[in-house]
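Each reported figure results from applying straightforward, stated rules to the coordinates on display, with no laboratory input. All values derive from a computational prediction rather than experimental measurement. Don't worry about glycine lacking a Cβ; one is built from the backbone with ideal geometry, like all the others, and counts go over all protein chains shown.
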Amino acid sequence: MNNSPITFSRHSLPGRSQGLTLIELMISLALGMLVILSVGYAYIGSRTTFRQQDALGRMQENARFVFETLSNDIRMVGYAGSLCGLADTEVVNALPSPTNWDKDIFGSPLKGYEDAATTAPDVSGTVYAGTSSDALSILHADSTKEYVVNAAAAAGAAISFSGTAPANGNVVVTDCGNAKPRQAFALAGGVNALPTPLAAQSRIMPLIANLYFVKVNGDGTPSIYRKSGASAPQELVEGVEDMQITYGVDTSNPATCSDNDGGVDAYVKADAVEATVPCATAAEDWKKVLAVRVTLSMRSVEDGITTDVQPAGDRRLRKTFTTTIAARNRL
């Protein structure tokens with residue numbers, strides 16, 4: 001028989017729970033605020049970066065569109081169809097007011113205007129007042145819309161076309177069966193306005209005449225505009241504060257201003273083209289231009305993109321884009 005005494009183990013109750021002290025609470029709140037501020041700062045920073053990158057992307061896309069539009073015109077400047085092996089002087093311009101900027105395809109198919117507000121035609125009073133932006137006029141035949149004359153037509157007679165007839169308006173014709181192969185005239189109701197007859201298989205193309213300049217749109221934003229002939233100017237892209245243009249001229253033969261080597265010798269402003277080795281006429285001076293260098297000063301449409309106040313007094317993002325375009329039809 002086991003006579004060992006019975007023992008009882010004593011369990012102590014857990015200690016009383018204690019809360020945070022005031023100092024611990026303040027430290028916790030400070031750390032929490034620090035985390036919230038860090039997350040908020042990172043969010044604001046990423047949002048600002050996103051807005052800046054988005055604005056920059058839009059400006060780059062707009063500048064690319066303007067350059068592509070200008071390139072399509074400048075590369076074809078002065079194009080009026082085949083010369084048929086004859087001299088460049090074998091031309092007839094039967095358009096009304098043929099020396100107007102939008103009709104002078106043989107005389108001045110390309111011309112620049114320094115400080116467009118005071119020098120460019122059909123632009124005065126409409127350009128962006130904040131700058132002395134340049135302007136540029138370009139003329140050429142639209143080779144993508146070529147129409148074929150079906151049968152010979154006498155001077156002033158109606159023209160028969162194989163297929164769809166071109167729309168009425170100013171056109172350019174290449175007629176290798178005529179002593180004056182390249183001609184410009186106004187087509188109205190299919191009637192030939194030329195003082196000379198047209199041979200069969202002559203090609204007729206619409207005359208493209210575009211004037212580019214900068215003005216303010218209806219929302220007060222400076223934009224680049226294109227005026228086609230006598231039509232009202234159309235906005236191409238917004239956010240273009242300034243357009244500066246220089247012209248690559250070939251001055252390798254200053255004695256005659258002809259038979260040059262086809263290379264650009266210098267880039268000059270519009271008002272210096274005629275002063276750089278002047279030729280007999282202003283039209284001949286502009287025929288020395290073989291390339292055009294365009295610089296666009298772009299700005300974001302939205303304000304508050306940058307953190308710093310810009311010289312213009314806003315917080316818009318600004319960037320300059322430049323390209324050089326060869327006048328391929330002259331090379």
Worksheet item: So for the pair Ser252, Ala157, with labels modelled 7 Å out along Cα→Cβ, what separation do we get in nm?
Response: 4.7
Worksheet entry | Value at 222 nm in deg cm²/dmol, rounded to 500, when DSSP H runs of n ≥ 4 in the chain each add -39,500 (n - 2.57) | -6500 deg cm²/dmol
Practice prompt. Fewest Cβ neighbours within 10 Å first, please rank Ile245, Ile23, Ile204 accordingly.
Written response: Ile23, Ile245, Ile204
Item to complete: Using DSSP to define loop residues, name the trypsin sites (Lys or Arg not before Pro) in the stretch 274-324 whose beta-carbon has at most 16 other beta-carbon atoms within 10 Å.
Response: Arg315
Fill in: Exposed-site-free run, longest, the chain (rule: GluC sites (Glu not before Pro); DSSP loop; at most 15 other C-beta within 10 Å)
147-301
Worksheet entry | Computed over the chain: relative contact order in percent, which uses C-alpha pairs under 8 Å that are six or more apart | 17
Worksheet item: Which ordering of Phe185, Phe67 is given by a fewest-first count of other beta-carbon atoms within 10 Å?
Response: Phe67, Phe185
Worksheet entry | Label point distance in nm, Leu25-Asp142, each placed 7 Å from Cα along Cα→Cβ | 8.0
Worksheet item: If the cut-off is 15 Å between C-alpha atoms, which aspartates and glutamates fall inside it for Lys180, apart from same-chain ones fewer than 8 positions away?
Response: Asp88, Glu90
Response to the item:
Here the percent of antiparallel bridges among DSSP beta bridges lying wholly in the chain, to the nearest 5, is 95
Practice prompt. Please give the contour-minus-distance gain from Glu90 to Asp122: 0.36 nm per residue of separation, less the Cα-Cα distance, rounded to one decimal in nm.
Written response: 8.5 nm
Worksheet item: Hey, rough spin-label estimate for Ser71 and Thr164, points 7 angstrom out along Cα→Cβ, what's it come to in nanometres?
Response: 2.8
Item to complete: Using the Cα centre as the reference, give the magnitude of the dipole from point charges on the C-beta atoms of the chain (Lys, Arg: +1; Asp, Glu: -1; all else neutral), rounded to the nearest 20 debye.
Response: 1260
Worksheet entry | Helix 22-74 axis, angle to the chain major axis (alpha carbon atoms, nearest 10°) | 10
Worksheet, complete the sentence: For Lys215, the aspartates and glutamates lying under 13 Å Cα to Cα, once residues fewer than eight places off in the same chain are dropped, come out as Asp115, Asp122, Asp134, Glu235, Glu238, Glu241, Asp242
Worksheet entry | Rounded FRET efficiency, nearest 0.05, which uses the C-beta distance separating Val191 from Tyr267 and R0 of 51 Å | 0.70
Worksheet item: Taking the Cα centre of the chain as the origin and placing charges on Cβ (Lys, Arg +1; Asp, Glu -1), which of Val240, Ile204, Ala326 is farthest toward the positive end of the dipole?
Response: Val240
Discussion item. If you filter the stretch 136-234 for trypsin sites (Lys or Arg not before Pro), then keep DSSP loop positions with at most 16 other Cβ within 10 Å, what is left?
Written reply: Lys145
Item to complete: For Leu331 and Asn150, calculate 0.36 nm times their separation in residues minus their Cα-Cα distance, and state this gained length in nm to one decimal.
Response: 61.9 nm
Practice prompt. Provide the FRET efficiency to the nearest 0.05 for the Ala282-Leu37 pair, computing r from the beta carbons and using R0 = 56 Å.
Written response: 0.25
Worksheet item: What are the lysines whose alpha-carbon lies under 16 Å from the alpha-carbon of Lys111, with same-chain residues fewer than 8 places away excluded?
Response: Lys103, Lys227, Lys269, Lys287, Lys288
